[in-house]
Amino acid sequence: MVLLSTSAIPRRGVLTLVALLLVALNLRPALTSVSPVLGNIAEALTLSPSLQGILTTLPVLFLGLAAPLAPRLVRRIGPERSVFTALVVLAVALLTRPYIGTLGLFLGTAIAGGCIGIIGVLLPGIVKRDFPRRVSIMTGLYTVALNLGASAAAGTTEPLRQLLDGAWQGVSQGASYSPWQGALAFWLLPAVIAALFWLPQLKGTKPTRVPTRRGARLRHDSLAWQVSLFMGLQSSLAYIVFGWLPTILQDRGLAAVTAGLALSVSILLQVSTAILAPWIGSRMRDQRTVLIGVMTLTLTGLLGCLYAPIDSIWLWIVVLGLGQGGTFSMALTLLALRAPDATTAASLSAMAQGIGYTLAALGPLLVGVLHDWSGGWNVVGFLVSVLGLGALVMALGAGRNRQVASTQGTA
């Protein structure tokens, strides 16, 4: 049996909403803070393009590998305490990973990805449970917060590194640390703040026993697989953007700060469609039209960033941002819309994010391998096209107005 807590008092108040959004803010900075300073990291630690690809892949891989741990944590300590524990471990990993060498950087990045994976599995079920009549708008707000955190890390990590570089040159001549280390470690602060705001969620809860094997039957449900594969394929494109877009744009001629700003703007623009796409999708007979529309925008924008004249890059950044905001928020919305109850939503979330993010990890890894092999970025367009077309095919199945079989009563 798994323990899921339900509140002794209503949990739809402002404090709960604020806590959820602060937690969501922390679900991407560990990833998007790396790519703007990836060149500095590679120079300091002598990382080849393939090793850089592994570094950008690790957090995504552990997003998927850690997802099955979420139900086990819930069984032992409940969902609220599981989220709190993951936030604390995330903060420790972000603090230590820049300062303990190459192995420590890779290990800390993997642990950070695992913590984010656990939190990401738990939050959709909490939203479904606490806001059952506001799933779409809550998913949109959750995605907005996630995008704001991602955008802030992408856009400010390199300027922060430069600021620290200037400060340390005056006071720390010959020191053994580098500015990129402080710029990466900075992102533990939002995790600490979120953990403090989450503390009240640990009080006033009552454990309720629900089945432990509730997710087993989903493995035989074709709709659950379509939702999972759509999650994975669109996530693969997202993490290619998070991990490699600044590097690609720098190689195409943009300055490091401008390349990081481009990623930040793209992520920030996701806010609009993160709210709009679920709102439109939930009011349609099914979600196929919305899914195809936002996926087409994503693929078009990414190919434009790779191949279009660099003078037009901001147009493609806008298209990419509008597309990816919709694809991710719709992937999360499907976890709730395709589930008949909160228990099944949590099970579907664990399956979709476990399988999806494990699959998604291949994207940034393959980009590094292909770049190492070819010495350029043109071949990456083929990979992006295959992933995008696969996501479109999965959208046709996952977007149908159907639900997976309930796992509420599974023994």
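Rank by packing, highest mean first: peptides 395-404, 310-319, with packing defined as the count of other Cβ atoms within 10 Å averaged across residues.
Details: 395-404: 18.8, 310-319: 15.7.
The densest-packed peptide leads the list: 395-404, 310-319.
Per-residue packing, averaged as other Cβ atoms within 10 Å, sorts the ranges 267-277, 109-119 into the order 109-119, 267-277, beginning with the highest. Going from the fewest other Cβ atoms within 10 Å to the most, the residues 186, 230 appear in the order 186, 230. Counted by neighbouring Cβ atoms within 10 Å, the residues 158, 80 run from fewest to most as 80, 158. Once the Cα atoms are used to define both axes, helix 342-360 deviates from the longest principal axis of the chain by about 30 degrees.
How high is the relative contact order of the range 317-411, in percent, counting Cα pairs under 8 Å that sit 6 or more residues apart?
It rounds to 43 percent for the range 317-411.
Got a sec? Which residues in the range 266-284 would a label at residue 308 touch, if it sits 7 Å along Cα→Cβ and we count backbone N under 14 Å? Correct set: 266. Shown for 138, 394, 231: other C-beta atoms within 10 Å of each C-beta, ranked fewest to most, produce the order 394, 138, 231.
Report, to the nearest 10°, how far helix 256-281 tilts away from the longest principal axis of the Cα atoms in the chain, using its own Cα long axis and a range of 0 to 90°. Tilt of helix 256-281: around 20 degrees. Computed from backbone phi, the HN-Hα couplings of the range 74-80 come to 4, 4, 8, 10, x, x, 5 Hz, rounded to whole numbers (Karplus: 6.51 cos²θ - 1.76 cosθ + 1.60, θ = phi - 60°; Gly and Pro given as x). Full extension of the chain segment joining residue 133 with residue 44 gains 27.0 nm, where the gain is 0.36 nm per residue of separation less the Cα-Cα distance.
Taking max minus min of the alpha-carbon positions on each principal axis, the range 209-356 gives extents of 56, 29, 24 Å, largest first.
Using Cα pairs closer than 8 Å and at least 6 residues apart in sequence, work out the relative contact order for the chain, in percent.
Working: 777 pairs, mean separation 116.3, N = 411.
For the chain, the relative contact order is 28 percent.
For the chain, the mean residue ellipticity at 222 nm estimated from helices alone is -25000 deg cm²/dmol, where every DSSP H run of n ≥ 4 contributes -39500 (n - 2.57) and the total is divided by all residues, rounded to the nearest 500. Taking max minus min of the alpha-carbon positions on each principal axis, the chain gives extents of 61, 43, 33 Å, largest first.
Under a Cβ-Cβ cut-off of 14 Å, what is the net charge of the residues other than residue 254 that fall near it, where Lys and Arg count +1 and Asp and Glu count -1? Please list the in-between numbers first.
Working: positive: 252; negative: 158, 251, 311.
Here the charged neighbours net out to -2.
Taken together, the values in this text are just the output of simple stated rules run on the coordinates, not laboratory data. The structure presented is a predicted model; accordingly, all values stated were derived computationally and were not measured. Neighbour counts run over all protein chains shown; Cβ positions are idealised from the backbone, glycine included.
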